[in-house]
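Here's the structure we're looking at; comments come further down.
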Amino acid sequence: MLAYLIALALTAFWPAPVDAGLAPLIAEVTRHLPVVTHARVEFTRNIVLFVPIGLLLPRMMPRGLVLPVALVATVAVESTQALLLDARVPSVLGIVANVTGARVGLLAFEASRAWRSSRRGSESLAT
């Protein structure tokens with residue numbers, strides 16, 4: 001969790017957008033695949049960035065707190081970007097994407113937990 005939080009902080013609070021160097025590549029891909037836009041790539045990246053929150057936090061706190069913590073964390077990140085980082089562009093879509101990522105991670109956590117539980121149940125029936 002600590003390694004993830006360090007990576008998240010570096011990504012969120014880096015003075016310039018971390019994907020700035022990829023802009024030419026994304027533009028080239030967009031020329032051939034117009035559905036792949038910079039905004040969509042950024043939205044997807046924000047989702048992926050917060051999936052580990054949904055996977056890791058339920059191991060440390062009640063599952064019902066995971067999404068509120070993700071929301072508070074992402075609002076804090078976007079607010080800090082707005083106040084302190086001129087080159088960063090905070091947005092409500094960033095908040096939506098980050099919380100969506102946490103939810104995807106939480107769903108994966110819950111699915112994994114249910115799968116393990118069903119396997120334990122089927123193994124006990126077999127014996």
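The values are calculated or read from the model by the stated rules, or taken from the named source; none is laboratory data. None of these values were measured; they are calculated from a predicted model. Cβ: placed from backbone, ideal geometry, glycine included. Neighbour counts: every protein chain shown. What goes into the accessible areas is simple: the full protein's heavy atoms, side chains included, and nothing from ligands, DNA or RNA. Shrake-Rupley method; radii C 1.70, N 1.55, O 1.52, S 1.80 Å.
Every residue, every condition in (1) under 30 Å from Ala111 (Cα atoms); (2) modelled with pLDDT under 90; (3) in contact with a strand residue (DSSP E or B) (Cβ under 6 Å, 6 or more places away or on another chain), yes or no:
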position	(1), (2), (3)
Met1	yes, yes, no
Ala16	no, yes, no
Ala23	no, yes, no
Val29	no, no, no
Ile47	yes, no, no
Ile53	yes, no, no
Ala82	no, no, no
Arg88	no, yes, no
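Output the residues belonging to region 60-82 that are open to solvent by 70 Å² or more (accessible area, probe 1.4 Å) and without any contact (Cβ under 8 Å) to a residue 24 or more places away in the chain.
Initially, region 60-82 is screened for residues open to solvent by 70 Å² or more (accessible area, probe 1.4 Å), giving 60, 62-63, 65, 71-72.
Pro62, Leu65, Val72 - these are the residues of region 60-82 that are open to solvent by 70 Å² or more (accessible area, probe 1.4 Å) and without any contact (Cβ under 8 Å) to a residue 24 or more places away in the chain.
Would you pick out the residues in region 1-38 that are open to solvent by less than 70 Å² (accessible area, probe 1.4 Å), part of a helix (DSSP H, G or I) and of a type in the set (A, V, I, L, M)? Of everything in region 1-38, those that are open to solvent by less than 70 Å² (accessible area, probe 1.4 Å), part of a helix (DSSP H, G or I) and of a type in the set (A, V, I, L, M) turn out to be Ala7, Leu8, Ala9, Ala12, Ala20, Ala23, Ile26, Ala27, Val29.
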